[in-house]
Amino acid sequence: MAVIKLGSRKSQLAIAQTEIVIKALKEQFPDLECEIVTTTTLADNNQEKALYAFGGKPVWTAELEELLADGRVDMIVHSLKDVPTSLPEQFVIGGILNRADPRDALLVRPGLPYKSLDELPDHSVVGTSSIRRSSQLKRKYPNLEFKVVRGNINTRMSKLDDPEQGYTCIILAAAGLLRLDFGYRITQYLDAPELLYAVGQGAIGVEVKKGDAATQAFLDKIIDLPVALTCTAERSLMRKLEGGCSVPLGVHSSVAADGKLSIEARVVSVDGTEAASASVTDTVKSYEDAEAFGEKLAAAIIEEGAAKILEKIAYDKIKQ
């Protein structure tokens, strides 16, 4: 009887996502034995520092990759949006599946009457650890204040619910809330054109050792190909843009009835005063097509001024 060991962070959401992968595997391979092996990561151990301040380090993945490297696990399960677009040479993303709602969600503190960002009074405090979210929202809502909030979903909601913490609302990925049955806490779904979501947001990515044909054979049966191609294109776009810095890049992707993929991309300066946008629509039938799609979109948004914005962000990081 085959046994697969899956590496995961210890958070409730990480375990829930790993169980989604196990369920998909067992549907295809009923006799497969699955075991979850957990560890904590750099980002788990540092709950005060804003994520963008880590300077592009693999804050969610490095410790898990140690388990994969020495054979303690066969695969590791990630929120795809947390996975760097350039992996260590010995690893690959072996499968992408189960993309839940990729949008961001607004949660207003219980007892407050506001039902949307538009209703928030001046100087309301919005909690988010994402430079992508704050930079985009500053363009439309310069009257709001943004404050870092870290921790797992339960921790962040607890901070929101405590009036002494001072948050009027927080913004979280809708997918995580829905997977943990916290959808009832969502006050408003945030979508384009107001807020484009993160590359890979809502999708589950499974990382394996390069050349591990046996493990890859299991994953090949559970990959969601349309999701995988879409997210591969998004990640190709980000890879071309990053250059080692944390990129405030938002995307909005859709697949039409004729199968053509469309992605809108937006890069915004940290203070929200400058933005560059571009979109591409094309047929994507293979991973090679998806990689080329992302590179084409990267070239288009660079042409619209993204390079200047990203150079300024990288320069500011060097000075910190």
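Data overview
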| item | result |
| --- | --- |
| Subset of segment 199-248 [charged (D, E, K, R) and either under 17 Å from T61 (Cα atoms) or over 13 Å from the mean Cα position of the chain (by Cα) (or both)] | E207, K209, K210, D212, D220, K221, D224, R235, R239, K240, E242 |
| Some residue of segment 178-190 being among the aliphatic types (A, V, I, L, M), more than 23 Å from Q17 (Cβ to Cβ) and either touching a strand residue (DSSP E or B) at 6+ places or on another chain (Cβ under 7 Å) or surrounded by fewer than 22 Cβ atoms within 10 Å (Cβ to Cβ) (or both) | no |
| Criterion: surrounded by fewer than 19 Cβ atoms within 10 Å (Cβ to Cβ), more than 30 Å from A24 (Cα to Cα) and not small (G, A, S) - qualifying residue of R133, R150, R109 | R150 |
| Meets criteria (at pLDDT 95 or above, among the small types (G, A, S) and outside the structural domain of E66 (by TED's automatic domain parsing)) for A198 | yes |
| Complete set of residues in segment 155-195 that are at pLDDT 95 or above, assigned to a loop (DSSP other than H, G, I, E, B) and not hydrophobic (A, V, I, L, M, F, W, C) | D162, G166, Y167, T168, D181, T187 |
| Search result, residues across segment 83-102 that are over 20 Å from D212 (Cα atoms) and either part of a strand (DSSP E or B) or among the aliphatic types (A, V, I, L, M) (or both) | A100 |
| Boolean, L144 is under 25 Å from R9 (Cα atoms), out of contact with any Lys or Arg (no Cβ under 6 Å at 6 or more places or on another chain) and modelled with pLDDT of 95 or more | no |
| Top-ranked residue in segment 113-154 [being among the hydrophobic types (A, V, I, L, M, F, W, C), in a helix (DSSP H, G or I) and closer than 17 Å to L190 by Cα; ranked as nearest to the chain's Cα centre (by Cα)] | I131 |
| Selection count where residues are touching a residue at least 24 places away in the same chain (Cβ under 8 Å) and assigned to a helix (DSSP H, G or I), scope segment 215-266 | 22 |
| Search result, residues across segment 295-317 that are modelled with pLDDT under 95 and among the β-branched types (V, I, T) | I309, I313 |
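The values are calculated or read from the model by the stated rules, or taken from the named source; none is laboratory data. As the structure is a prediction and not an experimental result, all values here were calculated from the model. Every residue, glycine among them, receives a Cβ derived from its backbone with ideal geometry; neighbour counts consider all protein chains shown.
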